[in-house]
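J.: I am attaching a structure below and will ask some questions about it afterwards.
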């Protein structure tokens with residue numbers, strides 16, 4: 001791999017890890033094991049049967065969790081602490097044996113890309129969960145999986161084109177994140193008001209009992 005190939009793979013695996021880490025790991029391992037691509041030496045462990053088996057099993061779990069409204073948000077919350085560090089480590093490994101400064105740069109860029117893609121996905125899912133039907137979640141999950149597979153394939157075969165698209169997509173995601181965050185806060189504020197409103201109605205329903213009891217206790221004139 002030349003420098004451009006390594007940069008594209010490094011940034012690609014970081015970005016993909018933030019969306020679906022297990023699909024990214026399994027795809028790279030499968031392609032490396034079957035000779036479709038030559039992985040950098042530091043990523044050769046992805047083709048290990050044990051790594052691929054675990055990635056496949058976890059992908060199966062995520063396949064169903066990611067398509068269940070509410071469960072997908074819990075799954076994304078848990079994976080905040082998995083996808084981002086994993087994306088940073090894989091991005092660093094993808095650049096191969098380079099000087100420590102380049103490794104650190106790849107680590108930070110890969111972690112940042114994983115964080116941006118992860119929070120964009122997680123925020124979008126919270127907004128989709130306000131819809132009562134599950135089909136939007138299914139469509140979003142399938143589209144995300146296909147995007148990860150297509151993106152990594154493009155990073156391996158058309159690195160320059162992939163980097164251009166990734167730069168544009170990342171800029172769009174950075175622009176969208178504050179809007180998604182405001183939307184997520186609005187959803188949780190609405191949920192809190194609903195919960196407080198139900199408690200308030202229950203309290204209001206019992207409050208009038210006290211005045212009526214006091215009135216009944218007064219003597220008739």
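The values are calculated or read from the model by the stated rules, or taken from the named source; none is laboratory data. All figures in this text were calculated on a predicted structure; none of them were measured in a lab. Positions of Cβ are backbone-derived with ideal geometry, glycine not excepted, and every protein chain shown enters the neighbour counts.
J.: Identify all residues within the range 55-72 that are surrounded by fewer than 15 Cβ atoms within 10 Å (Cβ to Cβ) and either touching a residue at least 40 places away in the same chain (Cβ under 8 Å) or under 22 Å from residue 9 (Cα atoms) (or both); write none if there are none.
T.: Across the range 55-72, the qualifying residue is only 70.
J.: Among the residues of the range 94-119, what is the count of those that are under 15 Å from residue 11 (Cβ atoms), free of Cβ contacts under 8 Å to residues at least 12 places away in the same chain and part of a loop (DSSP other than H, G, I, E, B)?
T.: Counting residues in the range 94-119 that are under 15 Å from residue 11 (Cβ atoms), free of Cβ contacts under 8 Å to residues at least 12 places away in the same chain and part of a loop (DSSP other than H, G, I, E, B) gives 1.
J.: Next question. So in the range 180-196, with the set limited to residues that are touching a helix residue (DSSP H, G or I) at 6+ places or on another chain (Cβ under 9 Å) and under 12 Å from residue 124 (Cα atoms), which one is surrounded by the fewest Cβ atoms within 10 Å (Cβ to Cβ)?
T.: The qualifying residue surrounded by the fewest Cβ atoms within 10 Å (Cβ to Cβ) is 181.
J.: Among the numbered criteria (1) in contact (Cβ under 8 Å) with a residue 12 or more places away in the chain; (2) buried (at least 16 other Cβ atoms within 10 Å of the Cβ), which one does residue 39 miss?
T.: If we test residue 39 against (1) in contact (Cβ under 8 Å) with a residue 12 or more places away in the chain; (2) buried (at least 16 other Cβ atoms within 10 Å of the Cβ), just (1) comes out false.
J.: Right, next: Can you pull out every residue in the range 117-158 that is over 18 Å from residue 176 (Cβ atoms) and modelled with pLDDT under 90?
T.: Answer for the range 117-158, where residues must be over 18 Å from residue 176 (Cβ atoms) and modelled with pLDDT under 90: 131, 132, 133, 134, 135, 137.
J.: So, one more: So which residues in the range 73-95 are closer than 19 Å to residue 148 by Cβ, over 15 Å from the mean Cα position of the chain (by Cα) and buried (at least 22 other Cβ atoms within 10 Å of the Cβ)?
T.: 90, 91, 93, 94, listed by residue number.
J.: On the basis of being in contact with a helix residue (DSSP H, G or I) (Cβ under 7 Å, 6 or more places away or on another chain), in a helix (DSSP H, G or I) and within 18 Å of residue 150 (Cβ to Cβ), does residue 13 make the cut?
T.: Details: in contact with a helix residue (DSSP H, G or I) (Cβ under 7 Å, 6 or more places away or on another chain): yes; in a helix (DSSP H, G or I): yes; within 18 Å of residue 150 (Cβ to Cβ): yes.
Yes; evaluated as a whole, the condition is true for this residue.
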